[in-house]
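J.: Provided herewith is a single structure, encoded as structure tokens, for subsequent inquiry.
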Amino acid sequence: MTDQDELIPVGKIIGTHGIKGFLKVFSYSGNIDSLQFAETTFLKGKDGTLREYVVNSVSAHAGGFILSLDGFSDINQVLSLTGSELCLKRSQLPVPDEDEYYWRDLIGLTVHTDQGIELGTLVDIFETGSSDIYVVRGGTKEYLIPAIADVIAKIDIAGKKMIITPLEGLLDL
């Protein structure tokens, strides 16, 4: 599989909508554009199975999306899809702007301070109202690093490295 074929999780099926086989999707990015232009999508089931489906339609709804897939026209046909992760090929996604990254590309980066101290590996990211928080785990310590310009000094995807300038007290927590 080439980098362009790599699957990127973009959302999760959280339920059904109506009785005609529509699915409620929680979007990881809140951006509907990629899904609207995608002809196909992949669903990764709870058991890890991966299946490709043709997208009929996507529309914004209550902070998420409503998705219709080809071949499904009844609620009973889609009930088993709830909990599946919605994935697109990297080639179906827009190229991120400078200083923007897909979470998928950040997970696994080694995080160092600007003083050269290795803190650990970025293992998770979660959203807060104002900025993302990077969860960095090193040995028995875990650090919560705010993804803000004052803290994130450099991200080197190719080198698998992130450099941070910790705010005073940030690493003492």
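The values are calculated or read from the model by the stated rules, or taken from the named source; none is laboratory data. In this text the structure is predicted, and so the values were computed from the model without any measurement. Every residue, glycine among them, receives a Cβ derived from its backbone with ideal geometry; neighbour counts consider all protein chains shown.
J.: Among the residues of the stretch 108-122, are any closer than 22 Å to Ser29 by Cα and free of Cβ contacts under 8 Å to residues at least 24 places away in the same chain? Break it down stepwise before answering.
T.: Quick first cut of the stretch 108-122, residues closer than 22 Å to Ser29 by Cα only: 108-109, 122.
Right, trim to free of Cβ contacts under 8 Å to residues at least 24 places away in the same chain and you get none.
There is no residue in the stretch 108-122 that is closer than 22 Å to Ser29 by Cα and free of Cβ contacts under 8 Å to residues at least 24 places away in the same chain.
J.: Go through (1) of a type in the set (A, V, I, L, M); (2) closer than 30 Å to Phe22 by Cβ; (3) not in a strand (DSSP E or B) and name the single condition Ala158 misses.
T.: (2)
J.: Continuing with this model, one more query. Restricting attention to the stretch 115-163, report how many residues are over 18 Å from Tyr102 (Cα atoms) and surrounded by 15 or more Cβ atoms within 10 Å (Cβ to Cβ).
T.: Qualifying residue count for the region: 6.
J.: Still on this structure: Only one residue in Leu67, Leu109 is hydrophobic (A, V, I, L, M, F, W, C), closer than 30 Å to Tyr143 by Cβ, surrounded by 13 or more Cβ atoms within 10 Å (Cβ to Cβ) and under 19 Å from the mean Cα position of the chain (by Cα). Which one? Talk me through it step by step, then tell me what you get.
T.: Working: Leu67 fails: closer than 30 Å to Tyr143 by Cβ.
Answer to the selection: Leu109.
J.: Now, a different point. Going through the stretch 83-131 one residue at a time, which ones are closer than 23 Å to Ser34 by Cβ, touching a strand residue (DSSP E or B) at 6+ places or on another chain (Cβ under 6 Å), small (Gly, Ala, Ser) and not assigned by TED's automatic domain parsing to the domain that holds Tyr28?
T.: Once the filter is applied, which keeps residues that are closer than 23 Å to Ser34 by Cβ, touching a strand residue (DSSP E or B) at 6+ places or on another chain (Cβ under 6 Å), small (Gly, Ala, Ser) and not assigned by TED's automatic domain parsing to the domain that holds Tyr28, the stretch 83-131 yields only Ser131.
J.: Let me ask you something else. May I ask you to verify whether Glu168 is modelled with pLDDT under 95 and under 23 Å from the mean Cα position of the chain (by Cα)? Break it down into steps so the answer makes sense when it comes.
T.: Working: modelled with pLDDT under 95: yes; under 23 Å from the mean Cα position of the chain (by Cα): no.
In short, no.
J.: Would you pick out the residues in the stretch 116-147 that are hydrophobic (A, V, I, L, M, F, W, C), part of a loop (DSSP other than H, G, I, E, B) and closer than 23 Å to Pro9 by Cα? Full working, then the answer.
T.: Narrowing the stretch 116-147 to residues hydrophobic (A, V, I, L, M, F, W, C): 117, 119, 122-123, 125-126, 133, 135-136, 144-145, 147.
Restricting the remaining residues to those that are part of a loop (DSSP other than H, G, I, E, B) gives 117, 147.
Result: Ala147, single match.
J.: Additional query: Taking Leu144 as the residue in question, decide whether it is hydrophobic (A, V, I, L, M, F, W, C) and either touching a helix residue (DSSP H, G or I) at 6+ places or on another chain (Cβ under 8 Å) or assigned by TED's automatic domain parsing to the domain that holds Gly45 (or both).
T.: On the way: hydrophobic (A, V, I, L, M, F, W, C): yes; either touching a helix residue (DSSP H, G or I) at 6+ places or on another chain (Cβ under 8 Å) or assigned by TED's automatic domain parsing to the domain that holds Gly45 (or both): no.
Criteria not met by Leu144.
J.: Here is a list: Leu122, Leu106. Which entry is farther than 17 Å from Val54 by Cα, of a type in the set (A, V, I, L, M) and modelled with pLDDT of 95 or more?
T.: Working: Leu106 fails: modelled with pLDDT of 95 or more.
Leu122 is the lone residue from the list that is farther than 17 Å from Val54 by Cα, of a type in the set (A, V, I, L, M) and modelled with pLDDT of 95 or more.
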